[in-house]
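What follows is a single structure, written as structure tokens, with notes after it.
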Amino acid sequence: MTKTLKVEGMMCEHCEARVKKALEAVPGVESAAADHNAGTAVVTLKAEVEDEALRSAVEAQDYKVLGVE
């Protein structure tokens, strides 16, 4: 199962790496890939994860999550 987050504020590969690392630290997340050009982060889950947990992980890194699909 995957979820896509719309992330505002990523400007470069360093930003992508911060978002990726934060999301992969959330229990239940198998992997994450962020794309600053698209403004998205795609998360692959190995267990059910609440959208709010993903949002909190990203926003703790000072990026804004506009939505989770």
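What to note about this one:
- Residue that is nearest to the chain's Cα centre (by Cα) [pool: residues in the stretch 20-43 that are charged (D, E, K, R) and farther than 14 Å from Ala60 by Cα]: Asp35
- Ala17 part of a helix (DSSP H, G or I), under 17 Å from Ala60 (Cβ atoms) and touching a helix residue (DSSP H, G or I) at 6+ places or on another chain (Cβ under 7 Å): no
- If you filter the stretch 22-62 down to residues that are of a type in the set (Asp, Glu) and within 12 Å of Met1 (Cβ to Cβ), you find that the one that is surrounded by the fewest Cβ atoms within 10 Å (Cβ to Cβ) is Glu48.
- Boolean, Val68 is free of Cβ contacts under 8 Å to residues at least 40 places away in the same chain and touching a Leu at 6+ places or on another chain (Cβ under 8 Å): no
Yes/no matrix, rows are residues, columns are (1) touching a Ser or Thr at 6+ places or on another chain (Cβ under 7 Å); (2) at pLDDT 95 or above; (3) in a loop (DSSP other than H, G, I, E, B):
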residue	(1), (2), (3)
Ala22	no, yes, no
Val26	no, yes, yes
Asn37	no, yes, yes
Val42	yes, yes, no
Ala53	no, yes, no
Gly67	no, yes, no
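- Cross-chain or 6+ apart pairs with Cβ under 8 Å, the stretch 1-26 first and without any contact (Cβ under 8 Å) to a residue 60 or more places away in the chain, then of a type in the set (Val, Ile, Thr) and in a helix (DSSP H, G or I): Val7/Val19; Val7/Val58; Met10/Val19; Val19/Val58; Ala22/Val58; Leu23/Val58
The values are calculated or read from the model by the stated rules, or taken from the named source; none is laboratory data. A quick note: this is a predicted structure, and the numbers were derived from the prediction, not measured. Note that each Cβ is placed from the backbone with ideal geometry, even for glycine, and that neighbours are counted across all protein chains shown.
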